[in-house]
Amino acid sequence: MSAADKAVVALPLPDDTEKHKQSVVGMANKRYFDDVLPFREEEIREALKREAKKHRWWKESAVKKMQIGELENGSCTQYVLESYTEARSTSEATEAYTLGQYLDRYGYTREGHGDNLGSSSQQNPWDYEVLPGMMFVEQTRVMELPGSSRMGSCASCNAEGNTHCFHCRGNGQDKCGFCRGTGMKSGVAHPAVYTHPMVASFPHADLSRGYSSSSTAMVRHGNNTYGVGTPMYFMSKTGVPPPGMGTHDLCYMCHGRGVRECTYCKGGGKKVCSTCGGSGSVRTFSKLIVQFELEKSDYITPCEIPEHLIRQAESKEIFMETANYVRPISKFHVKEVNDNSRLLCVKHLERVMGKSRVIQQRHALYAIPTCRVKFTLGNHSGEFWAYGKDTRIYFPKYPAKCTIL
Ligand SMILES: [Zn+2]
Ligand SMILES: [Zn+2]
Ligand SMILES: [Zn+2]
């Protein structure tokens with residue numbers, strides 16, 4: 001049974017929602033933001049040599065000849081906000097259970113567990129503490145809602161303990177698979193090709209008595225069942241075998257009847273109910289489904305180096321804070337970072353407000369050092385960028401590469 005299809009969402013309690021609202025107003029305590037070290041010329045020259053090795057058309061000798069001029073150090077800042085939330089829902093479930101098992105486990109009444117004060121709809125799924133295995137990791141936990149257990153009769157079999165066999169539709173007999181219902185040995189012509197006046201029937205003509213699962217029309221004659229139009233059916237009507245036919249012409253599996261005992265129910269036409277295991281009773285309970293979700297958003301200050309390159313570079317964590325509800329950053333020296341911190345904090349809370357409960361939030365600032373480098377090589381001059389703690393090189397305009405380096 002899939003838990004998702006009939007799950008009932010449990011909305012978080014109102015005071016949780018109130019906490020959400022308050023967390024975006026007010027100020028955080030004094031915060032300290034770390035900084036990055038500026039690039040030095042030697043580091044940049046080393047990085048250029050490494051870069052030259054990666055490109056066949058760059059010459060390392062050119063790196064040596066290059067005159068490095070002005071270095072304009074700066075940095076890019078990435079703000080990352082993560083919200084770890086939980087959403088809860090319930091879903092009804094049943095399992096095969098005998099009354100004896102139930103009494104052993106829950107004691108006295110048939111109506112339910114001793115501390116069960118009513119149906120599961122009266123129990124609040126938020127009353128129970130459920131902890132994630134690891135914080136800030138998405139996961140789903142499913143458990144039985146305490147006190148929701150009750151005993152009931154099986155709806156699948158109307159408490160009878162067994163159901164009609166699906167394969168033979170409760171008939172107990174099914175088309176013979178060896179002769180495909182003809183009753184004939186393979187290679188022998190079917191007798192119905194000569195229509196007998198007393199039989200006046202073609203195979204499978206009597207569809208009113210047929211079963212769609214087998215598409216074989218069956219007739220019960222005393223204790224025997226025949227497929228309509230088979231040699232045995234012919235004999236039951238006429239008292240003699242079809243003309244020109246002997247026992248050796250009949251299918252040896254069904255002996256000319258065209259039908260065989262259903263292998264699924266062994267001819268009984270009934271099967272043990274799979275829902276209640278034959279006991280006719282089931283235990284019903286509510287499953288509590290707790291989904292721990294992680295929402296992550298970020299903002300990177302604009303810079304002349306393309307953002308996808310900045311994202312790959314090694315950065316330095318200059319600030320990190322974890323709280324039940326983090327307050328937006330407001331005192332960073334870059335206004336856009338403060339603005340976007342506030343925007344993302346509001347956006348995160350709006351998204352979960354009234355739907356999920358925030359367990360924890362964390363936010364961080366990462367600095368990616370950048371440096372605009374002016375250079376001359378022979379009579380050519382230009383500029384490139386060094387960036388990242390791992391000192392990567394970026395040429396904004398790759399002209400004919402070999403003419404530069
Ligand atoms: Zn057969
Ligand atoms: Zn059957
Ligand atoms: Zn049942």
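The values are calculated or read from the model by the stated rules, or taken from the named source; none is laboratory data. Just so it is clear, the model here is predicted, and its values are computed rather than measured. All Cβ positions, even for glycine, are placed from backbone atoms using ideal geometry, and neighbour counts span all protein chains on display.
Within the stretch 286-305, the only residue that satisfies the criterion of being in contact with a Pro (Cβ under 9 Å, 6 or more places away or on another chain) and surrounded by fewer than 19 Cβ atoms within 10 Å (Cβ to Cβ) is Glu304.
For the stretch 237-286, taking the residues that are part of a loop (DSSP other than H, G, I, E, B) and among the polar types (S, T, N, Q), the one that is farthest from ligand 3 (Cβ to nearest atom) is identified as Thr263.
In this structure, does His333 turn out to be touching a strand residue (DSSP E or B) at 6+ places or on another chain (Cβ under 7 Å) and at pLDDT 90 or above?
Considered against the rule, which asks whether it is touching a strand residue (DSSP E or B) at 6+ places or on another chain (Cβ under 7 Å) and at pLDDT 90 or above, His333 comes out as no.
Of all residues in the stretch 46-67, those being loosely packed, with under 15 Cβ neighbours inside 10 Å and at pLDDT 90 or above number 2. What do you reckon, is Tyr252 among the aromatic types (Phe, Trp, Tyr), at pLDDT 85 or above and more than 16 Å from ligand 1 (Cβ to nearest atom)? No: the conditions fail for Tyr252. Every condition in (1) under 30 Å from Val346 (Cα atoms); (2) surrounded by 15 or more Cβ atoms within 10 Å (Cβ to Cβ) holds for Gly256 except the one numbered (1).
Quick grid of which residues meet (1) loosely packed, with under 14 Cβ neighbours inside 10 Å; (2) within 15 Å of ligand 2 (Cβ to nearest atom); (3) assigned to a loop (DSSP other than H, G, I, E, B):
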{"position": "Pro132", "(1), (2), (3)": "no, no, yes"}
{"position": "Val137", "(1), (2), (3)": "yes, no, yes"}
{"position": "Cys157", "(1), (2), (3)": "no, no, yes"}
{"position": "Cys168", "(1), (2), (3)": "no, yes, yes"}
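Considering the stretch 334-354 alone, what residues qualify as being over 35 Å from the mean Cα position of the chain (by Cα) and free of Cβ contacts under 8 Å to residues at least 12 places away in the same chain? Lys335, Asn338, Asp339, listed by residue number.
Hey, could you check the stretch 310-321 for residues that are farther than 14 Å from Lys389 by Cβ and in contact (Cβ under 8 Å) with a residue 60 or more places away in the chain and say which is surrounded by the fewest Cβ atoms within 10 Å (Cβ to Cβ)?
Per the criteria, the residue is Glu321.
Of the residues making up the stretch 170-192, those that are out of contact with any Cys (no Cβ under 6 Å at 6 or more places or on another chain), in a loop (DSSP other than H, G, I, E, B) and crowded, with 20+ Cβ neighbours inside 10 Å number 3. Taking the numbered list (1) more than 30 Å from Lys355 (Cα to Cα); (2) touching a Pro at 6+ places or on another chain (Cβ under 8 Å) in turn, Tyr264 passes all entries but (2).
Checking every residue in the stretch 244-266 against the condition of being among the polar types (S, T, N, Q) and under 30 Å from Ala96 (Cβ atoms) gives at least one match.
Considering the conditions (1) surrounded by fewer than 20 Cβ atoms within 10 Å (Cβ to Cβ); (2) away from ligand 1 (no atom under 16 Å from the Cβ); (3) touching a residue at least 60 places away in the same chain (Cβ under 8 Å), Arg283 is excluded by exactly one of them, (1).
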